[in-house]
Amino acid sequence: MSKKIKLLIVGQYSFIGTNLYNFLKKKIFVKKISYESFKKLSVKYLNSFTYICNCSITKNYRDNKYKNKNDLDLQIAKKIENLDCKFIFLSTRKIYSPKANLLETSNLNPISNYAKNKLISEQKIKKIIKDKSLILRVSNIIGKNLNVKNNRKVSNTFIDNYFKFQFQMNENIYYENNFKDFLSIIQFKDIFYKILKQNLVGTYNLSLGRKVYISEILRALNKNINPTKFKIKNEKNNDNFYLNNKKLLKKIKLKKNKKDLLNYCSKI
């Protein structure tokens, strides 16, 4: 079945898009292009793909209130709405209220403009694409940026901030030891490939599905350096969460564990 899969990734220099492309190019037919190049493609050519996945984003979409013109996913969905290919929308766990064991049916309470915009995009895409959309609510991904020379990152991730603070050697770094739901880029790629093979549609949490404390991640990342500069704050907050991924696991029959995540972190 994998030989029949054709994937178009929009987002030529994106972190996720580049990692997916390098991983999948030996398994399936996959092409990676910029959003500007996508706009020039004919619908006939686009219809030759099984899936189209957008990994690009604009700063205006991330930072400001929702506007159709800033929603690249919406523009893509409109262009392919009458085609046979499926659209993969990468949403975010931030659309939920922070809580343990979050289901796809859990309360949605986006706070930031980015999260609010992602939820609006979800709703619009469902109306346009209907039964040809796959919405993946993705947890925090840890991985290396493979495009150092062409770094067009719109936002910083946990790992970006870690490397930034790591070199502030004369300062202590204080952090809140919350539990999150982390996933290594290797685990994400494996799950994504399995999803393609299962021909899924609908809305799914894509996550490790386990509590992972910040201190656990830092211990793994700090394995080869002095970790004493990272210190836990005493105060508590309610910013803890992890996603329930059983709906997706039931479909793809592929489970990932915390040990592999931490092993990956220790090798970065």
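The values are calculated or read from the model by the stated rules, or taken from the named source; none is laboratory data. The structure presented is a predicted model; accordingly, all values stated were derived computationally and were not measured. Here the Cβ positions follow ideal geometry from the backbone for every residue, glycine too, while neighbour counts run over all protein chains shown. Side chains are part of the model used for accessible areas, which takes the heavy atoms of the whole protein and leaves out ligands, DNA and RNA. Shrake-Rupley method; radii C 1.70, N 1.55, O 1.52, S 1.80 Å.
Simple point charges give the picture: +1 on the Cβ of Lys and Arg, -1 on the Cβ of Asp and Glu, and for the range 172-212 a dipole about the Cα centre of about 160 debye.
For T58, T105, T92, give the ranking by accessible area with the largest first, probe 1.4 Å.
Numbers: T58 40, T105 125, T92 10 Å².
My answer, sorted largest first, is T105, T58, T92.
Can you give the % of DSSP beta bridges in the range 1-145 that are antiparallel, to the nearest 5? If we restrict to bridges inside the range 1-145, about 5 percent are antiparallel.
With an a/c value of 1.5 or above and a/b not larger than b/c for the gyration tensor axes a ≥ b ≥ c computed over the alpha-carbon atoms, the range 184-225 is described as oblate. Answer rounded, prolate or oblate for the range 1-43, using the Cα gyration tensor with square roots of eigenvalues a ≥ b ≥ c: rounded when a/c is under 1.5, else prolate when a/b is larger than b/c, else oblate. Here the range 1-43 falls in the oblate category.
Add -39500 (n - 2.57) for each DSSP H run of 4 or more in the chain, then divide by its residues: what number comes out at 222 nm, to the nearest 500 deg cm²/dmol?
Per the formula, -10500 deg cm²/dmol.
If R0 is 25 Å, the Cβ-Cβ spacing of Q123 and F29 corresponds to a FRET efficiency of close to 0.20. Spin-label model, I173 to N22: label points 7 Å out along the Cα-to-beta-carbon direction sit 2.2 nm apart.
Of all aspartates and glutamates in the structure, those lying under 13 Å Cα to Cα from K253, and not within fewer than 8 positions of it along the same chain, are D190. Checked against a 24 Å cut-off, the cross-linked pairs K6/K67; K67/K99; K94/K189; K65/K127; K164/K223; K4/K44 give Cα-Cα distances beyond that limit for K6/K67; K67/K99.
Report the calculated FRET efficiency for K250 and D84 (r = Cβ-Cβ distance, R0 = 30 Å), to the nearest 0.05.
0.70
Scaling the Cα radius of gyration of the chain by the globular reference 2.2 N^0.38 Å produces a ratio of 1.01. Placing unit charges on the Cβ atoms only, positive for Lys and Arg and negative for Asp and Glu, gives the chain a dipole magnitude near 840 debye about its Cα centre.
Expressed to the nearest 5 percent, the antiparallel share of DSSP beta bridges inside the chain is 10 percent.
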